[in-house]
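Rule-based calculations on the coordinates, nothing more; no lab input. Since the model is a prediction, treat every value here as computed from it, not as a measurement. Counting neighbours? That spans all protein chains shown, and the Cβs are built from the backbone with ideal geometry, glycine included.
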Amino acid sequence: MFAQIDISGREKVQQLDQAKRADLGQFFTPFRIARFMASLFQDQGQTKIRLLDAGAGVGSLTVAFLEKFGKPPRQQIDLLAYELDRAVSSSLKANLSEHAIHLMETGIRVIPEIVEGDFIQEGVISYMFGRHKPADYAILNPPYRKINSDSTHRRLLRKVGVETVNLYSGFVALAVLLLKDGGELVAIIPRSFCNGLYYRPFREFLLSKTAIRQIHIFDSRNKAFKDDGVLQENIIIHLVKNIPQGEVKISASTDDDFRDYHEFTLPFGRIVSDADPEKFIHIPSAKIDQQIASSENFIYSLTDLGVEVSTGPVVDFRVKDFLQQELGIDGAPLLYPAHFGQKNVDWPKLNFKKSNALRIAPETRKQFFPTGCYTLVRRFSAKEEKRRIVARIVTPADLPGELVGFENHLNVFHQGKKGLQEEMALGLAVYLNSTMIDNYFRQFNGHTQVNATDLRLLKYPSKKVLIDLGKWATTLSNFDQAIIDAKIDSLL
Ligand SMILES: C[S@@+](CC[C@H](N)C(=O)[O-])C[C@H]1O[C@@H](n2cnc3c(N)ncnc32)[C@H](O)[C@@H]1O
């Protein structure tokens, strides 16, 4: 029926003024993607359904939806499409009418309603005044544009409890509100909301109002919209309103021909960690990430291991008067990332620009840890550096005295402010130094810092596996990347 499904108006619109296209976020969904998106909806065999398409463009998504649902037992399909740009909405009208007529001939009534206006404005008003008819399905490729905190869009969205920084997330949130309970939404959107700090209220909104059923990623960047040259990294997300959250299906393909489509399911806790106040949505992508995310070997939290991680408490400029180059009679070693050696720390450092020691005094006393075995991770790295996570250990044999200070550029793994069992400290360092963990970390962390919170959110092998790793590494003279990676791979 939809033999020549390619939609008219697309080419015409694509020749429109580039600046306007960018402003309105007019990047049209390639039909193979539209079809894939529609395929994610569950057909529950209803005779009458209602679809919402917000920012409908020339209607590719709605047409793909009709292709899937325009068959018995359907008797009626109500379509509600919003499109702001009249240059586009004329093609939208033509396309939807054409498909409506097609389906009428097969006995299915299709009732299109096209709103030539601003979805945020119209949608908020109809929701606030209870004038909307809740939809069974929503399909979206919304416009992307930042919305400032004093803009009309922001103020309107706030009125319905949506606080967000971009039109795309505003569109998705509003579409969720306009769905029935149990209603489904499929959207293609940038993945920035998954871990952007400013998107936290939006994540909280989504996670409280919907269950994530599936997330599809395109393994190679930007290919999904190659026609339009959009420099965004897109995901397709399938949400169901107000149902309990179950497992999440993660799927991936290189591009929009879906030839190498593959999928696996993960417990929700692997996507959004209970312990994470930011509610980052972590989508494993590369093979190795999928392996770690689904491996039974790496499921423990630091709490499960009885281990804590803290930021080094010594902020050197605050204790300037107590810094010293050598131990003297009243000093204890102070460790910086610059003290990292091949495997353990290398202390003291000659001609060190910073300080090798901190004087023990009532003002500094609380900042020291007792000498012991600790795993240390550098907090900062430069963009061009190969690794984000760099771990070393310190043992009592590396330092004189009873106390040690950890400077603020370090993260310290400890147990109730005391040292760890030596093999455990070493095992943790091996694990953290692996390429797998570094890739995994980069995946959900866009910046170059490694903070204690990030390390708390990672999953770890069991205590036994870590101790075995530590025993294995005792004879290594350094954390040779290839050797460590081979060892970690053997655990997968
Ligand atoms: C990324 S395009 C996607 C179009 C279509 N859904 C598709 O998948 O091909 C977003 C569309 O939203 C429209 N749009 C932008 N701002 C809008 C708004 N505030 N209300 C309604 N539509 C809007 C644009 O004109 C554009 O056609």
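Taking 51 Å as R0, compute the FRET efficiency from the Cβ-Cβ separation of residue 330 and residue 492 and round it to 0.05. Don't skip to the end; give the middle numbers.
Details: r = 49 Å, r/R0 = 0.97.
With a Förster radius of 51 Å, E is 0.55.
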Helix 200-209: inclination vs the chain longest Cα principal axis, degrees, rounded to 10, gives 60 degrees
Can you tell me the 0 to 90 degree angle between the C-alpha axis of helix 463-473 and the longest principal axis of the chain, rounded to 10? 60 degrees
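Given a Förster radius of 22 Å and the C-beta distance between residue 109 and residue 242 as r, what FRET efficiency does 1/(1 + (r/R0)^6) yield to the nearest 0.05? Write out the running numbers ahead of the final one.
Values: r = 28 Å, r/R0 = 1.29.
Calculated value: 0.20.
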Helix 422-432: inclination vs the chain longest Cα principal axis, degrees, rounded to 10, gives 30 degrees
Amide N of the stretch 176-192 lying under 15 Å from the label point, which is placed 7 angstrom from the Cα of residue 159 along Cα→Cβ: none
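Tell me whether the stretch 294-344 comes out rounded, prolate or oblate; compute the Cα gyration tensor, take square roots of the eigenvalues as a ≥ b ≥ c, and use a/c under 1.5 as the rounded threshold.
Details: a/c = 3.34, a/b = 2.42, b/c = 1.38.
Cα axes put the stretch 294-344 in the prolate bin.
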In percent, what relative contact order does the chain have, based on Cα pairs under 8 Å that are 6 or more apart in sequence? 11 percent
In terms of modelled amide H atoms, which long-range or inter-chain residues lie less than 5 Å from the amide H of residue 403? 371
Full extension between residue 304 and residue 102 adds, at 0.36 nm per residue less the Cα distance, a length in nm of 66.7 nm
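Within 10 Å of each residue's Cβ, count the other Cβ atoms and sort 159, 383 from fewest upward.
Ascending Cβ contact count within 10 Å gives the list 383, 159.
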Report, in whole Å, the centroid distance computed from the Cα atoms of the stretch 373-445 and the stretch 27-46. 46 Å
Using Cβ counts within 10 Å as a stand-in for footprinting exposure, how do 441, 413, 28 rank, fewest first? 441, 28, 413
Can you compute the helix-only [θ] at 222 nm over the chain? Use -39500 (n - 2.57) per DSSP H run of at least 4 residues, normalise by all residues, nearest 500 deg cm²/dmol. -9000 deg cm²/dmol
Using the beta-carbon distance between residue 148 and residue 361 and R0 = 35 Å, what value does 1/(1 + (r/R0)^6) give for FRET efficiency, to the nearest 0.05? 0.10
Non-local amide H neighbours of residue 26 (under 5 Å, H modeled in plane, Pro and chain starts lacking H): which ones? none
Cα gyration tensor of the chain, axes a ≥ b ≥ c as square roots of the eigenvalues: rounded (a/c below 1.5), prolate (a/b > b/c) or oblate? prolate
Using a 10 Å cut-off around each Cβ, can you sort 282, 132 from fewest to most neighbouring Cβ atoms? 132, 282
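Can you give the convex hull volume per residue for the Cα atoms of the stretch 10-285, as a whole number of Å³?
In the stretch 10-285, the Cα hull volume divided by residue count equals 123 Å³.
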Which of the aspartates and glutamates could be linked to residue 48 by a straight reach, that is with a Cα gap under 19 Å, when you skip same-chain ones fewer than 8 residues away? 67, 78, 105, 113, 136, 181, 184
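What relative contact order, as a whole-number percentage, does the stretch 10-285 give when Cα pairs under 8 Å and 6 or more residues apart are counted? Please list the in-between numbers first.
Details: 558 pairs, mean separation 44.5, N = 276.
The value is 16 percent.
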By the C-alpha gyration tensor axes a ≥ b ≥ c (rounded if a/c is under 1.5, else prolate when a/b exceeds b/c, else oblate), the shape of the stretch 303-491 is prolate
If you average the alpha carbon positions of the stretch 233-253 and of the stretch 79-122, how far apart do those two centres end up, in angstrom? 27 Å
